[in-house]
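No lab work stands behind these numbers, since they all come straight from the coordinates. Computed from a prediction, not measured in an experiment: that's the story for all the values here. Neighbour counts are summed over all protein chains in view; Cβ atoms, including those assigned to glycine, are modelled from backbone coordinates with ideal geometry.
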Amino acid sequence: MLDNSLKKEIHLLIVNTIKELVVSFNKSLKDAENIVKKTKMEEYILKHPITLRDSAYDWAVKLLTEIGDIETLEKYLK
């Protein structure tokens, strides 16, 4: 049961992170979804549940950093 609850929380964080990538960093929905998949966000959180405490915005920054999208980070984090 705890596992199901954890997966629901992870799903919610992923959805909110995708929203942040779209709204705060001007990514398309498709690009945002691909970033989350490419970086294996869900797998990482399952291994490190403490990261559920990080905000969706913080996750968006982490994922952009992980994929090396420095141009977007520089543009929106001035």
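Which aspartates and glutamates have a Cα less than 13 Å from the Cα of residue 7, not counting those fewer than 8 places away in the same chain? Output for residue 7: 42, 43. Counting only residues at least eight positions apart within a chain, or on another chain, the lysines with an alpha carbon under 23 Å from that of residue 78 are 19, 27, 62. For the range 38-59, the residues whose amide N sits under 13 Å from a probe point set 7 Å from the Cα of residue 7 along the beta carbon direction are 43, 46. Net charge dipole, the chain: roughly 100 debye, given to the nearest 20, about the Cα centre with Cβ charges of +1 for Lys and Arg and -1 for Asp and Glu. Per-residue ellipticity at 222 nm from helix content only, as computed over the chain with -39500 (n - 2.57) for each DSSP H run of at least four residues, stands at -22500 deg cm²/dmol.
Straight-distance candidates among the aspartates and glutamates for linking to residue 37, with alpha-carbon spacing under 16 Å and chain neighbours fewer than 8 residues away dropped: 20, 66, 69.
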